[in-house]
Amino acid sequence: ETGVTQSPTHLIKTRGQQVTLRCSSQSGHNTVSWYQQALGQGPQFIFQYYREEENGRGNFPPRFSGLQFPNYSSELNVNALELDDSALYLCASSTPRTSGSGELFFGEGSRLTVL
Amino acid sequence: GQQVMQIPQYQHVQEGEDFTTYCNSSTTLSNIQWYKQRPGGHPVFLIQLVKSGEVKKQKRLTFQFGEAKKNSSLHITATQTTDVGTYFCAGPNNAGNMLTFGGGTRLMVKP
């Protein structure tokens, strides 16, 4: 158990809809990163939040947005869903601001299916 | 942009055989991390290597970081069915705020 919790665990949406995924980071971790993992592939970095601000973004369009709250929990919002958005969305928390130099603690993920 | 490649994509082994996965980065890395993801699970951190030429062992697992800090390998001696899963390597970008993951090597072990 990493102490990182995500909700919901599974959800089904249709094209054009919007979705919000939630993540509670491990106690004491102030940095949250979101990754998208398509079936059979490695996780791809979406963005990172540190002290409620975006601290780096991967190659994802603006319809992917996020928030971090004062308690370090975070949300990932995806608007205008497309079929290719079907994937496992992973939240990872970490202690150092530069999560690339420290271990990432992943949650169980939210599996999104877009029909 | 930074790319991380892993080979092979899949490996079937008989229980007791050895297994190795290789990881190559398009850029020099400050460190490299390895994660294991069981089927239906999430990535779990195994280890981080920082120094050029570093070798670390965890029981039957041996991790190496290349001299040029652009490649790495994971070797499992005498595989067991509990080793089943996908092994990912990952390297940070220059800003250190994201990890680029390789495509993973899926290990299947026949009992």
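Among the numbered criteria (1) farther than 30 Å from B:PRO8 by Cα; (2) outside any loop (DSSP other than H, G, I, E, B); (3) at pLDDT 95 or above, which single criterion is violated by A:LEU81?
Tallying (1) farther than 30 Å from B:PRO8 by Cα; (2) outside any loop (DSSP other than H, G, I, E, B); (3) at pLDDT 95 or above, A:LEU81 fails exactly one: (2).
Please work out if B:VAL109 is within 14 Å of chain A (Cβ to nearest Cβ) and of a type in the set (Val, Ile, Thr).
Against the criterion (within 14 Å of chain A (Cβ to nearest Cβ) and of a type in the set (Val, Ile, Thr)), B:VAL109 does not qualify.
Based on what the data block shows, is A:SER33 surrounded by 13 or more Cβ atoms within 10 Å (Cβ to Cβ) and within 11 Å of another protein chain (Cβ to nearest Cβ)?
yes
Of the conditions (1) on the phi > 0 side of the Ramachandran plot; (2) surrounded by fewer than 19 Cβ atoms within 10 Å (Cβ to Cβ); (3) more than 14 Å from chain B (Cβ to nearest Cβ), A:THR14 satisfies every one except a single condition; which number is it?
Checking A:THR14 against (1) on the phi > 0 side of the Ramachandran plot; (2) surrounded by fewer than 19 Cβ atoms within 10 Å (Cβ to Cβ); (3) more than 14 Å from chain B (Cβ to nearest Cβ), the one that fails is (1).
Across the range A:39-85, what is the total count of residues that are of a type in the set (D, E, K, R) and within 17 Å of A:PRO8 (Cα to Cα)?
The number of residues fulfilling the criteria is 2.
Read through the list (1) more than 10 Å from every other protein chain (Cβ to nearest Cβ); (2) surrounded by 17 or more Cβ atoms within 10 Å (Cβ to Cβ), then give the number of the only condition that A:LEU90 fails.
(1)
Just the residues that are outside any loop (DSSP other than H, G, I, E, B) and more than 7 Å from chain A (Cβ to nearest Cβ), please, taken from the range B:88-99.
Hits for the range B:88-99 are B:CYS89, B:ALA90, B:GLY91.
Filter the range B:29-59 down to the residues that are buried (at least 16 other Cβ atoms within 10 Å of the Cβ), assigned to a strand (DSSP E or B) and of a type in the set (S, T, N, Q) and list them by number.
Those that are buried (at least 16 other Cβ atoms within 10 Å of the Cβ), assigned to a strand (DSSP E or B) and of a type in the set (S, T, N, Q): B:GLN33, B:GLN37, B:GLN48.
Could you check how many residues of the range B:20-57 are more than 19 Å from B:GLY1 (Cα to Cα), within 14 Å of another protein chain (Cβ to nearest Cβ), touching a residue at least 12 places away in the same chain (Cβ under 8 Å) and not small (Gly, Ala, Ser)?
Qualifying residue count for the region: 15.
Checking B:THR79 against (1) surrounded by 20 or more Cβ atoms within 10 Å (Cβ to Cβ); (2) within 12 Å of chain A (Cβ to nearest Cβ); (3) in a loop (DSSP other than H, G, I, E, B), only one condition comes out false. Which one?
Every condition holds for B:THR79 apart from (2).
Going by the conditions given, is A:GLY40 surrounded by fewer than 18 Cβ atoms within 10 Å (Cβ to Cβ), on the phi > 0 side of the Ramachandran plot and either facing chain B (nearest Cβ under 10 Å) or in contact (Cβ under 8 Å) with a residue 12 or more places away in the chain (or both)?
So A:GLY40 passes the test.
The values are calculated or read from the model by the stated rules, or taken from the named source; none is laboratory data. What you see is a predicted model, and the numbers here were worked out from it, not measured in a lab. Glycine gets a Cβ as well: all are built from the backbone with ideal geometry, and neighbour counts include every protein chain shown.
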